[in-house]
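All remarks here apply to the structure that follows.
The values are calculated or read from the model by the stated rules, or taken from the named source; none is laboratory data. Every value quoted in this text rests on a predicted model; they were computed, and no experiment measured them. Methodologically, a virtual Cβ is constructed for each residue, glycine included, from the backbone with ideal geometry; neighbour enumeration extends over all protein chains shown. Protein only, heavy atoms only, side chains kept; ligands, DNA and RNA dropped before computing areas. Shrake-Rupley method; radii C 1.70, N 1.55, O 1.52, S 1.80 Å.
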Amino acid sequence: IPNQQAYEKTTMSGNWKGTKLNGQGSIYTEFTDYTETEMEDNHNTSGYSWERVEKLTVSESKGNFINSKLDGYGNYETYWKLGLMRIDKEEPFKGKEKYVGYFKNNLYHGKGKLYLWSNGAYYLKYEGEFRNGEYTGSIK
């Protein structure tokens, strides 16, 4: 039976109206979830070993907010790491994405640029129009 757990840490700063972020501000979030599974292992003296899959996602949003959602000009950056740990072996996968442009209701909307991380630097994947979080043209 797998053991699954998740936790989230969020920090919000900027202009507030009641309990919602309104105007210029930023939101920083760390989210971690993992699953542990006991596996049969004929090479281990006990006959069993554990496998743990963990995913860490860090995101940061900066710009204009309406009711705690990006709306207007801003940027969003996310980083993730997926790790598979089995006995003493770790196989990490890392990724990074950055968007700079306009938002509507927390989605990419209007003119913007989408960057991906590769070989230690960002490269431009798409520049142009976005509608409801989706790009409307061709990818580079």
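So here's what we get for this one:
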item	result
Candidates Tyr108, Tyr102, Tyr115 - the one that is in a strand (DSSP E or B) and open to solvent by 60 Å² or more (accessible area, probe 1.4 Å)	Tyr102
Residue match in the range 79-98 (condition: modelled with pLDDT of 85 or more, within 30 Å of Tyr126 (Cα to Cα) and within 16 Å of the chain's Cα centre (by Cα))	yes
Selection status of Trp16, at pLDDT 80 or above, hydrophobic (A, V, I, L, M, F, W, C) and open to solvent by 50 Å² or more (accessible area, probe 1.4 Å)	yes
Test result for Glu51, surrounded by 12 or more Cβ atoms within 10 Å (Cβ to Cβ), in a strand (DSSP E or B) and at pLDDT 65 or above	no
Search result, residues across the range 123-140 that are modelled with pLDDT under 85 and surrounded by 15 or more Cβ atoms within 10 Å (Cβ to Cβ)	none
